[in-house]
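Encoded as structure tokens, the structure appears first; notes follow it.
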Amino acid sequence: MGSPRKGGNTDLLLDAFLRGVKDGGGEFEKVSISDLNISSCRECLVCEDIGDCVIPDDMHPVYSKLLKSDKIVIASPSFFYGFPAQLKALIDRCQALWARKHILDPVPSVSGSGEERYKRNIRTTDQKEAFVLLLGATGGKDLFDGQLKTIRYFLEPLDASLTGSLLFRKIEKQGDILRHPTALDEAYRAGRKF
Ligand SMILES: Cc1cc2nc3c(=O)[nH]c(=O)nc-3n(C[C@H](O)[C@H](O)[C@H](O)COP(=O)(O)O)c2cc1C
């Protein structure tokens, strides 16, 4: 849960999704980013040598949850067309997992542009599934483009791929999501299927 606002739109939407997960027989752990103390990446790059992050904070249990879970759901509002800083810090700290996979345990013969390397490095076996729930106040077509791209890169070192998304525009004030005609129902049904 990537919003700093507990009980806000993202939280309510994610809870509907998780009710669906539960009713579908799934088990889950909800992690609210605002409960955690996760520093931003310092780019010390020690992770490129040891495959782990040296900053001693709440990111460490998150690494193991991300790696051990069968599936991942990311729920977030749009903040300046990107992720809230707390969630972006978590994403950036996954550079340690990227280093583990691509520097310490690299797939052979990677060359070309960053985009090409990224695509060629995707391991297709044992991919875990991920789902994303995004919402924002404005209504533009490209509102979530940046966040969706970040999510794809975030999931790659986790050997996860995005298999579904729900995107809601024009959701601004706390509780607006409750007034949306279909959002909570869509989230519940998506969670149940997921
Ligand atoms: C710091 C900040 C930046 C925001 N930037 C955007 C934005 O770029 N685009 C947008 O559509 N909404 C933006 N919003 C609005 C939120 O996405 C919107 O109010 C959302 O419903 C908040 O979700 P929450 O209740 O789960 O926190 C921003 C809100 C805040 C507080």
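Points worth noting:
- Residues of the stretch 35-52 classified as open to solvent by less than 70 Å² (accessible area, probe 1.4 Å) and either in contact with a Ser or Thr (Cβ under 8 Å, 6 or more places away or on another chain) or closer than 13 Å to Ile91 by Cα (or both), total: 3
- Residues of the stretch 23-66 that turn out to be closer than 27 Å to Tyr188 by Cα, in contact (Cβ under 8 Å) with a residue 40 or more places away in the chain and outside any loop (DSSP other than H, G, I, E, B), as a count: 4
- Scanning the stretch 132-174 for residues that are touching a helix residue (DSSP H, G or I) at 6+ places or on another chain (Cβ under 7 Å) and open to solvent by less than 20 Å² (accessible area, probe 1.4 Å) gives Val132, Leu133, Leu134, Leu135, Phe154, Glu156, Pro157, Leu158, Gly164, Phe168, Ile171.
- If you filter the stretch 79-102 down to residues that are among the aliphatic types (A, V, I, L, M) and within 12 Å of the ligand (Cβ to nearest atom), you find that the one that is most open to solvent (accessible area, probe 1.4 Å) is Ala85.
- Sole exception among (1) open to solvent by 40 Å² or more (accessible area, probe 1.4 Å); (2) within 30 Å of Gly140 (Cα to Cα) for Ser76, by number: (1)
The values are calculated or read from the model by the stated rules, or taken from the named source; none is laboratory data. Fair warning: this is a prediction, and the values are worked out from it, not measured in the lab. So basically every Cβ, Gly included, is an ideal-geometry build from the backbone, and we count neighbours across all protein chains shown. These area figures cover heavy atoms from the full protein model, side chains too; ligands, DNA and RNA do not enter into them. Shrake-Rupley method; radii C 1.70, N 1.55, O 1.52, S 1.80 Å.
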